[in-house]
Amino acid sequence: MLPALQTIGEDQSQNPYTELLVLKGHHDIVRFLVQLDDHRFASAGDDGIIVVWNVQTGEKLLELRGHTQKLTAIIAFPPLDSREEGSQLILTASADRTVFWDCDTGRQIQRVSCLQSTVKCLTVLRRLDVWLSGGNDLGVWNRKLDLLCKTDHLSETGISALVEIPRDCVVAAVGKELIIFRLLAPTEDLQEWDIIEVKRLLDHQDNILSLVNINDTSFATGSHVGELIIWDALDWTVQACERSFWNPSSQLDAQQEIKLCQKQNDISINHATCDEENIFAAVGRGLYVYNLQLKRVIACQKTAHDSNILHIDKLPNRQLISCSEDGSVRIWEVREKQQLAAEPVPTGFFNMWGFGRVNKQTSQPVKKQQENSTTCSLELTGDLIGHSSSVEMFLYFEDHGLVTCSADHLIILWKNGERESGFRSIKLFQKLEEDGDLYHAVYP
């Protein structure tokens, strides 16, 4: 039986987000947020509208209309050289077409209507100054929206995620397969761009839901049945894995199968993020911290939310933010604690739940060097209550706060209340000084 959901009261001394601005610009589910620069972001969703906002003030800067169906992907396409005076561009994808926008003017630059399937994901390869569209095939495009090359039809499932890896390669998640593609730029011997399939990785047992780049030498994937695999980005071999297999017997009755289905949903790795040390995985309703060096889970909250977690991200100072289908946004702190000598160190991702492969070594005494090893805990430090429906994702803007989007059609800009109060005080004194009233305010 899963433990009760952790809660936090009104006294949230470690939660800086005590002020909020509700931004209204959509009339359907808002699924996507993308950062454009240090003070702007764009939102998009099922109403087909893209809105550009000022994160400092919450002001609506632009409203981009042109799609007739819901958005399926959005990405920023910055200038090749950050020192150039080029415009910031936005790529948006929908079942109706893919559109290129100038987010400084709101002008629709061009649209692509020759795609044979809905684009599910977009990614930009800055070094090559091209972008990729993933659907039932993989297309490579330049900044002018010229199709440089594309693959043959891959599958009816389509590409659900794309990540760039070294040597001009990308890895595409297609159902339960990973396909490695290499891009070939024109040379003296090659007249045109080309993209070739170089390898298929078939280690997952079910559909891949999360794909994340760890560093220049590795990436990670998570599946619907709770498989976390760490891959070598150079030779595409498995570096480490944590698995939980779901193999219902044909002899089980319908009620037992329903229970197994529910358990399967509890272990889906819906989203993942990472830093140089750890992978942070949203597993059903729970949060797990997997240490890359130790190759084991070092912290977990099995019921971090009431419903499935949709998005997580790491913040400075060992903090983590998660949002869920239950409408909540939560802040966690990863705290180190000393592992007791009598307490066995977890050896498997899902052995904590009591199922999965049995490791023969788990029954053996813990090695001496592990007796004093460090493990961690995930402590709830903040609960942001504001949305009335599923929170799809969020963006962290450091000093400017946190932005969340939801199925309730709203965007909420969460601000550091203490910091904002200080700003208001400074502005008030500046205004009084300008009006010549500062002396009278101090010395009435």
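Only the coordinates and a few stated rules stand behind these numbers; no lab work does. This structure is a prediction, so every number in the text was calculated from the model and none was measured. Glycine gets a Cβ as well: all are built from the backbone with ideal geometry, and neighbour counts include every protein chain shown.
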Original post:
Using 0.36 nm per residue, how much length does the chain from residue 125 to residue 426 gain when fully extended, once their Cα-Cα distance is taken away?
Top reply: 104.1 nm
Subject >> Packing-based order for 313-326, 296-309, using average beta carbon neighbours within 10 Å, highest first >> reply: 296-309, 313-326
Original post:
Between their Cα atoms, which of 70/302; 314/337; 24/120; 70/295; 24/150 are more than 31 Å away from each other?
Top reply: 70/302; 70/295; 24/150
Subject >> In order through segment 93-99: 3J(HN,Hα) via Karplus (6.51 cos²θ - 1.76 cosθ + 1.60), integer Hz, x for Gly, Pro >> reply: 10, 8, 5, 7, 4, 10, 10
Original post:
Going by how many other beta carbons lie within 10 Å of each one, how would you line up 329, 212, 198, 130, fewest first?
Top reply: 198, 212, 130, 329
